[in-house]
Each structure stands twice: as C-alpha cells, then as structure tokens.
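Input: a single structure, listed below in structure tokens.
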Amino acid sequence: MTHPLASLRKSLACAHPAAASETIALGAPALDRRLGGGILRAALHEAYAGTAADAPAATGFALALARRAMAGKQKPLLWVRQEALSTEAGAPYPPGLADIDIDPAAVAFIRVRDAKEALQAGAEAGRCATVGATLIELFGAARAYDLTASRRLALAAAAAGAPIFIVRAGAAPAPSAAASRWLVRALPSRPRAANAPGSAAFAIFLLRQRGGAAGHAWRVEWNRDRGAFKDRTFDAPSLSRPVASLSVGGAPDEVAPQTAGRKFG
C-alpha cells in the first residue's frame with residue numbers, strides 16, 4: 001500500500017530513544033568476524049548495484065539486512081523508492097518479500113517522484129523509534145543525496161536506534177556519512193529438490209566500514225529458514241543455477257554470474 005508523503009507524519013508515532021551502539025550480525029561467522037560482530041544498528045548503510053541488472057540484487061541484499069535488524073521486534077519496515085525504479089527494475093513483489101521472511105503486511109511502502117522526496121520521507125521515518133528499519137532506493141546520479149543529506153540520515157538513524165539502508169542503482173560510490181558501503185552483484189543460486197529455484201545469492205564487496213577493515217569480497221546465500229546469510233565464498237562451483245529476483249519484479253529474471261572471488265581494493 002502506497003502512503004502519500006504528506007501523511008507520513010500522521011502514520012508514524014515518533015519517539016526518540018538514545019542511539020544504540022549494538023551491531024547487526026549477518027549470521028555468517030567469517031563475515032561477522034571481519035565486521036567486528038556485524039554492521040552498526042543505529043547507523044546509515046549503503047548498497048550499490050554493480051550494474052543496472054544488479055539493482056534487484058542490491059535491493060534484496062538491503063532487505064535481508066533489514067530483516068536481520070528487525071528480528072524479534074514488532075516494528076514495520078518503511079520502504080521508500082523513486083518511481084523511475086519501478087520502470088527500470090520492476091515493482092515490489094510481495095511473494096519475494098515473504099521469501100526473505102519479511103511480512104508484506106509489515107511494510108509501509110512510499111513511492112515518490114524524485115530523490116529529494118525520497119530522502120525527505122526517509123529522514124522523517126528514520127528518526128522514529130516505531131520503525132524497525134528504513135530502506136531508501138535512489139536511481140541515477142541523485143544529486144540531492146550529498147554529504148549533507150547522508151549526515152542528516154545518519155543522525156536520524158542514531159537518534160532512533162534503527163538502521164537506514166540506502167540502495168543506489170545507476171550511480172558510482174561517493175563519499176558519505178554511511179557506516180558501511182557495499183557493492184552488490186547477483187549470483188546464480190543452487191537448485192533445490194526437484195530443480196526448484198534456489199535461495200538468493202550475492203557477490204558482496206565491502207567498500208567501506210567505519211573504524212574497521214574494508215576491501216574484502218564474499219559470496220553469500222540467504223537462508224530463509226535461519227533468517228541469516230551463509231558464506232559460500234569457497235563453494236563457488238555449487239552456485240550453478242540462475243537466481244530469481246526476489247524482492248522486486250513480478251516474475252523471476254535470470255542473472256548472469258559475476259566474478260567475486262577477490263579482495264576489492
């Protein structure tokens with residue numbers, strides 16, 4: 001259900017707890033050790049699509065992180081996206097959300113015209129402690145998302161103690177106040193019994209981590225039953241089937257495999 005931007009303040013009862021310093025573990029021990037336990041909860045995080053075709057994968061990765069952040073919390077996900085993304089990458093797909101183990105009924109979806117409106121809506125929601133996580137999708141250069149705008153979002157996340165995820169499609173990584181920055185590419189998944197579609201798989205590159213090590217790459221798979229990522233970095237040959245676009249688009253799309261078995265420096 002799409003909520004107009006003008007009614008956002010009325011649909012969210014805001015509170016302002018102290019910023020949380022805890023981390024959100026990804027669920028894969030090797031990744032979490034490298035990240036120092038996980039990504040910061042009360043912070044801004046970015047996921048860049050490696051190519052235009054990887055935009056659904058970047059969104060899926062951010063949604064899986066949001067699912068980890070909201071585990072055990074009876075709070076909704078606020079999802080803000082520019083209208084142009086529905087044309088470029090497909091519309092949000094409720095069964096795909098369910099496959100990531102996010103209840104579509106617990107998602108407040110806001111469609112806006114441009115990056116400025118998306119950032120305004122995200123900042124409004126991001127500072128509300130009643131929201132479990134906020135996802136903002138931006139398309140193209142999105143000049144409104146500059147260092148000042150990213151700092152505003154980072155402060156909102158710190159005030160509410162809940163993460164804000166920015167997904168960038170059709171843009172190059174740029175300086176920001178994000179606590180972590182990822183480059184995401186789609187990977188083929190492993191088939192299930194009876195050749196059924198496998199779990200979502202991603203090649204992820206850690207471009208930046210505040211106060212931690214960056215420049216590392218992993219191949220990961222989302223395990224819906226555990227609600228966690230599984231490290232497949234050293235199991236690349238088993239990832240041999242096309243992966244479905246889980247979070248957006250009305251029908252599965254085949255994505256060509258990408259090379260991800262190196263450090264990203």
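No lab work stands behind these numbers, since they all come straight from the coordinates. Worth saying up front: this structure is predicted, and the values here are computed from it rather than measured. Here the Cβ is made from the backbone with ideal geometry for all residues, glycine too, and neighbour counts use every protein chain on show.
Residues whose amide H falls under 5 Å from that of Ala228, counting only those 5 or more places apart or on a different chain, are Asn223, with hydrogens built in the peptide plane.
Using Cβ contacts closer than 10 Å as the measure, can you line up Phe234, Phe229, Phe61, Phe205 from fewest to most?
Details: Phe234 10, Phe229 25, Phe61 28, Phe205 22.
In increasing order of surrounding Cβ atoms, one gets Phe234, Phe205, Phe229, Phe61.
For Ala71, the shell of other residues with beta-carbons less than 14 Å away shows a net charge of +3, using +1 for Lys and Arg and -1 for Asp and Glu. Dividing the mean sequence gap of close Cα pairs (under 8 Å, 6+ apart) by how many residues segment 20-238 holds gives a relative contact order of 26 percent.
Max-minus-min Cα coordinates of segment 20-238 on each principal axis give 46, 37, 35 Å, with the largest extent listed first. Length gained on full extension, Arg33 to Thr130: 31.9 nm, using 0.36 nm per residue less the C-alpha separation.
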